[in-house]
Amino acid sequence: MDATIIDGKAFAATVRAKVAEHVTALKSAHGITPGLAVVLVGEDPASQVYVRSKGKMTVEVGMNSIEHKLDVDTSEADLLALIADLNADPSIHGILVQLPLPKHLNEDLVINSIDPAKDVDGFHISNVGLLGTGQKSMVPCTPLGCLMMLRDHHGSLSGLNAVVVGRSNIVGKPMAQLLLGDSCTVTIAHSRTKDIQEVTRGADIVVAAVGRPEMVTGEWIKPGATVIDVGINRIDAPEKGEGKTRLVGDSHFESCSAVAGAITPVPGGVGPMTIACLLANTVTACCRANGLPEPEGLTA
Ligand code: GUN
């Protein structure tokens, strides 16, 4: 069996187009332009690439992009003061503090200082609690992107067995909450799970979010199941020449796609959906802040 490839790049483009439509309507009907502030502390190269890409796409959908680039030894007090200013600024609807932060800064303290209504990453403890209790919240972008692709592919997810491999606060746990919200029977598997292949082989949906290159192989997958691969790992690719590398996911694409019914590729699967969902969350936050109806199809 050859799996259907779920094209995250194309899907993300449709999400961004929907966001752009809402932004145009907000501007013309209400004179409001959603604003997203991104805070980067230090000069981590991967974070710089993410932040540049976020800024570019924010502008492309018609929103205001505000970037604060702070020195690597910025004090916690200065960072908290900046966040307090952004919390109080009515032209800012979304605030994202790029992670990881330098070691001297307390990530939990910093994230929890963001106004939960502007927490477009969905990492604030209030949003985690709201999601866990099935209340309206800001939902973490990567799991939201996975959910959108799963709903699009399956229609209803009700009653399906879903196994999330990985238990991170950013992906694994919120993914499990979202799948539960859509009435899946959910298992979270992790490094201590016994007979993990036995567990995943019972799943209609496997979400691989462990950060281990190509860990999930075809033998782990029930024939016809859907594989959502959240991993982005750079590995050596001697076959491409000396010193060359390539990107792979947490699933072994070749063996999984021979068994699965559908699969997201890496690159071009979940990755592009993350920024698209960040933009979607910013529009949602802007609508909520102004007491306007939320855009349909862009939230959980
Ligand atoms: N670093 C890598 N991905 C992310 C993300 O989605 N949000 C934040 N805040 N930092 C990140």
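The values are calculated or read from the model by the stated rules, or taken from the named source; none is laboratory data. Computed from a predicted structure; not experimentally measured. Here the Cβ positions follow ideal geometry from the backbone for every residue, glycine too, while neighbour counts run over all protein chains shown. Remember, those area values only see protein heavy atoms, side chains included, never the ligands or the DNA or RNA. Shrake-Rupley method; radii C 1.70, N 1.55, O 1.52, S 1.80 Å.
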### Task
Mind counting the residues in region 154-184 that are under 18 Å from the mean Cα position of the chain (by Cα), part of a loop (DSSP other than H, G, I, E, B) and closer than 15 Å to A225 by Cα?
0
#### Entry: When residues of region 116-158 are limited to those that are at positive phi and away from the ligand (no atom under 13 Å from the Cβ), the one least open to solvent (accessible area, probe 1.4 Å)
G155
### Message
With the requirement that a residue be touching a His at 6+ places or on another chain (Cβ under 8 Å), open to solvent by 50 Å² or more (accessible area, probe 1.4 Å) and in a loop (DSSP other than H, G, I, E, B), what does region 284-300 give you?
### Response
N290
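Each row is one residue, and each column tells you yes or no for (1) part of a loop (DSSP other than H, G, I, E, B); (2) in contact with a strand residue (DSSP E or B) (Cβ under 8 Å, 6 or more places away or on another chain).
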| residue | (1), (2) |
| --- | --- |
| A12 | no, no |
| R16 | no, no |
| T33 | yes, yes |
| V38 | no, yes |
| V49 | no, no |
| M57 | no, no |
| G62 | yes, no |
| H68 | no, yes |
### Task
Could you tell me whether region 239-256 includes any residue that is at pLDDT 95 or above, away from the ligand (no atom under 16 Å from the Cβ), open to solvent by 10 Å² or more (accessible area, probe 1.4 Å) and closer than 30 Å to G35 by Cα?
no
#### Entry: In region 94-113, the residues that are among the hydrophobic types (A, V, I, L, M, F, W, C), within 10 Å of the ligand (Cβ to nearest atom) and part of a loop (DSSP other than H, G, I, E, B)
L99, L101
### Task
State all residues of region 234-263 that are of a type in the set (S, T, Y), touching a residue at least 40 places away in the same chain (Cβ under 8 Å) and assigned to a strand (DSSP E or B); if no residue qualifies, say none.
S251
### Task
Return yes or no: is G231 open to solvent by 60 Å² or more (accessible area, probe 1.4 Å) and assigned to a loop (DSSP other than H, G, I, E, B)?
no
#### Entry: Lone unmet requirement of (1) in contact with a helix residue (DSSP H, G or I) (Cβ under 9 Å, 6 or more places away or on another chain); (2) in a helix (DSSP H, G or I) for R151
(1)
### Query
Quick one: which of S28, S91 is away from the ligand (no atom under 13 Å from the Cβ), closer than 21 Å to C277 by Cα and open to solvent by 50 Å² or more (accessible area, probe 1.4 Å)?
S91
### Summary
The correct count of residues that are away from the ligand (no atom under 16 Å from the Cβ) and closer than 22 Å to N281 by Cα in region 159-188 is 6
